[in-house]
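Just below is one structure, and these are the notes that go with it.
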Amino acid sequence: MRYVVGIDIGGTNIVAGTVAEDGSELLGLVSEPTFSEQGADAVLTRIVKLTRASMATARGKEIAGVGIGSPGPLDTKTGVVLLTPNLGWTNFPLRDRLTQALGLPAALDNDANCAIFGEWWRGAARGADHVVGLTIGTGIGGGIVLGGEVYRGASDIAGEIGHMTIDSTGRLCKCGNYGCLEAYASGPAIAARAVEGIRPGADTSLPKYVNGDLSKITAQVVYEAAHDGDEYAREVVKDTAKFLGAGVASIINIFNPEVVVVCGGVTLAGDRLFEPLRAEVRRRAFKPAVEVCRIVPGELTGTAGVYGAAAVFIKHTWGHA
């Protein structure tokens, strides 16, 4: 059995693990903070260190290569990260630099593509031919798997679901556009919407969770308060579900997938998010498309990107996953 190291590069953490070719085994899962402010070369050194640490736990196994999931935009053919605002990289030849450092072949893809490909390969979307997924964290990414292949589009940009417009005159997004889904339903956007209601005097216990420091309210704090019965927090979660539902309904109408998988911290909200999300989709999307589509949380918490990055290498090198 051959093994591949999957590397998931995030703005906060880097995660690496050694995955069996058939996905049946994950060895040596390791993680470290990214510390992107130290520059691309320092991050590369950290990636190499983590990769070697993961490989060391798989001693005796045949390590055939490395799959890398990185924020983009990027060029998968040349292995170059074109621009990553969260990491501060521009035209960084990540694939070739990693190959040189490790002496192993490598493949590169978008981190959100990898997460959804991982869920298709070994997680919540396993066995489906047509899958669309969202990764919700600091931003909102997405991935599309059609017929067992990652759909990347004409210039590797396909799947930027977070930047679909749901309100043409709405909230300003970090991308410079107005009304993007990310500006309403990403982790920071959920927290910002909660704070905006607290300042005018909303009746809520949320400030108690952060000792009165509203700058420390996060989406996770909102989910916790909702779980504890805070009605205002529950309304914020419900509104988030409606925004996501509008976006997912458009996805379902366009791609007619069997599965829409939602990954990231937002899944901590559980049924308080997913039940109104599904209801909003039923209200907005065409019934024949809704009837064949499951909307589910991701199963590979913390490892979807690792599995997916390994699967990208396997698919690129050996034609299967």
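Miscellaneous remarks
- Relative protection proxy for 42-48, 310-316, 60-66, from highest mean packing down: 310-316, 42-48, 60-66 (other beta-carbon atoms within 10 angstrom).
- Peptides 13-25, 84-96 ordered by average Cβ neighbours within 10 Å, highest first: 13-25, 84-96
- Sorted on the mean count of surrounding Cβ atoms within 10 Å across their residues, most packed first, peptides 194-200, 246-252 read 246-252, 194-200.
- Taking the fewest neighbouring Cβ atoms within 10 Å as the starting point, the ordered list for Tyr3, Tyr151 is Tyr151, Tyr3.
- Globularity index of the stretch 143-301, i.e. its alpha-carbon radius of gyration over 2.2 N^0.38 Å: 1.09
- Using equal-weight Cα scatterers in the Debye expression, the normalised intensity of the chain in log10 at q = 0.07, 0.12, 0.14 Å⁻¹ is -0.28, -0.81, -1.07.
- Computed on the stretch 127-297, with alpha-carbon pairs under 8 angstrom and 6+ residues apart, the relative contact order is 23 percent.
- Entry note: the stretch 1-127 has Rg to Rh equal to 0.95, where both radii use alpha-carbon atoms and Rh is the Kirkwood radius.
- Where only alpha carbons of the stretch 231-321 are counted, the Rg and the Dmax (Å): 15.4, 52
- To the nearest ten degrees, helix 40-57 and the longest principal axis of the Cα atoms of the chain are 70 degrees apart.
- Helix axis angle, 111-122 relative to the chain longest principal axis, alpha carbon, degrees: 80
- Here the residues Lys242, Lys287, ranked from fewest to most Cβ neighbours within 10 Å of their Cβ, fall in the order Lys287, Lys242.
- Cα gyration tensor category, rounded, prolate or oblate, for the stretch 55-154 with a/c compared to 1.5: oblate
- When the C-alpha to C-alpha distance is required to be over 23 Å, the pairs from Lys174/Lys216; Lys287/Lys315; Lys208/Lys238; Lys174/Lys242; Lys216/Lys238 that qualify are Lys287/Lys315.
- Phi angles across the stretch 242-250 convert, under the Karplus curve 6.51 cos²θ - 1.76 cosθ + 1.60 with θ = phi - 60°, into 3J(HN,Hα) values of 5, 4, 4, x, 4, x, 5, 4, 5 Hz, Gly and Pro given as x.
Any read-out appearing in this document is the output of simple, stated calculations on the displayed coordinates, not a laboratory observation. As the structure is a computational prediction, the values presented were derived from the model and not from experiment. Using ideal geometry, Cβ is built from the backbone for each residue, glycine included, and neighbour counts are taken over all protein chains shown.
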